[in-house]
Every structure is written in structure tokens, then in C-alpha cells.
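Before any comments, here is the structure.
The values are calculated or read from the model by the stated rules, or taken from the named source; none is laboratory data. Just so you know, these numbers come straight off a predicted model, no measurement behind them. Neighbour counts run over all protein chains shown; Cβ positions are idealised from the backbone, glycine included. Heads up: the accessible areas ignore ligands, DNA and RNA and are worked out on the full protein's heavy atoms, side chains in. Shrake-Rupley method; radii C 1.70, N 1.55, O 1.52, S 1.80 Å.
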Amino acid sequence: MAALQDDLAEEITSLLDCGERYPRQRQALQARLAEHRDTIWQQARRLRADAAPGRADAALELEVASSATRVLMAALLPDPIEAALTAASQGAYLRLPPVEHERMEVLYKVGRRIEYELRHP
């Protein structure tokens, strides 16, 4: 969240901590995140196009930030199980150590199990 504008990061944190303060706040934040993600992705594409072969580190960092934004967008889905499952699956696109990817996989599987149990009591 460090790459986000301060007010956007604060609103997301507040929503996740306290819930929606007004109708459609969640959707408004998702739209702002989508715009942020698209802007970052475009910047990454320009950097990658201009970079010398094998020298696109800055572009890679922006692509990772774009992927992290997708995780945040998923976390804002209204259904908590869907939010957890989607965020965990989007986490596969983050540059993380292998153990963290394993944790994402475990979270995803636990979420699927909870989803199943809720739908088949």
C-alpha cells in the first residue's frame, strides 16, 4: 500500500477495518484502484519498451506494484470468502519468496474448504 496515494491507502485500511462508511464505497475504491493499476501498468510498458535488453528492473517493480493493486482490489470484494479466495489467487502474481507462495496456496485451500463447508452444512 506504500505506493498508493495516502488518502486512498487510508480509505482502504478504514474500509477493511471498519466496513463501508457510505453506500458503494467499496466499488468506488475498487474503481480508483483499477485506475491506479492501469496507470502503473502503462508506465511499466513504457519503461520496458525504452529499456535496454536485460535492464527493465524499474518496469518489473511497477508490474509487481500493479499485481499488488489487483490483490487489494480482490480484498475489497463484498463477499468475504470470495475476497479471500480471489486475493490469495492474485497473490500468485507477486514476487514473493517460495515460502510465501506456499502460504498463499494454503490460504486459498483453507478458503475453498470454508466456502464448501458454508455451502454444504
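On the basis of the beta-carbon distance and an R0 of 41 Å, Ala51 and Gln27 show a calculated FRET efficiency of 0.70.
Over the chain, what percent of the accessible surface lies on carbon and sulfur atoms, probe 1.4 Å? Its accessible area is 55 percent carbon and sulfur atoms.
Under the combined filter of DSSP loop state and at most 16 neighbouring Cβ atoms within 10 Å, segment 33-121 retains these trypsin sites (Lys or Arg not before Pro): Arg55, Arg95. Our summary gives segment 34-121 a relative contact order of 23 percent, counting only alpha carbon pairs under 8 angstrom and 6 or more residues apart.
Per-residue surface analysis assigns Ser67 an accessible area of about 10 Å², computed on protein heavy atoms at 1.4 Å probe radius.
Between helix 25-50 and the chain there is an angle of about 30 degrees, using the helix long axis and the longest principal axis of the Cα atoms. The residues of the chain have, on average, 67 Å² of accessible surface per residue, using a 1.4 Å probe with all protein chains present. Of the listed values (1) 1.04; (2) 0.98; (3) 1.10, identify the label whose number matches Rg/Rh (Cα atoms, Kirkwood Rh) calculated from this model. Computing Rg/Rh (Cα atoms, Kirkwood Rh) and matching it to (1) 1.04; (2) 0.98; (3) 1.10 gives (1).
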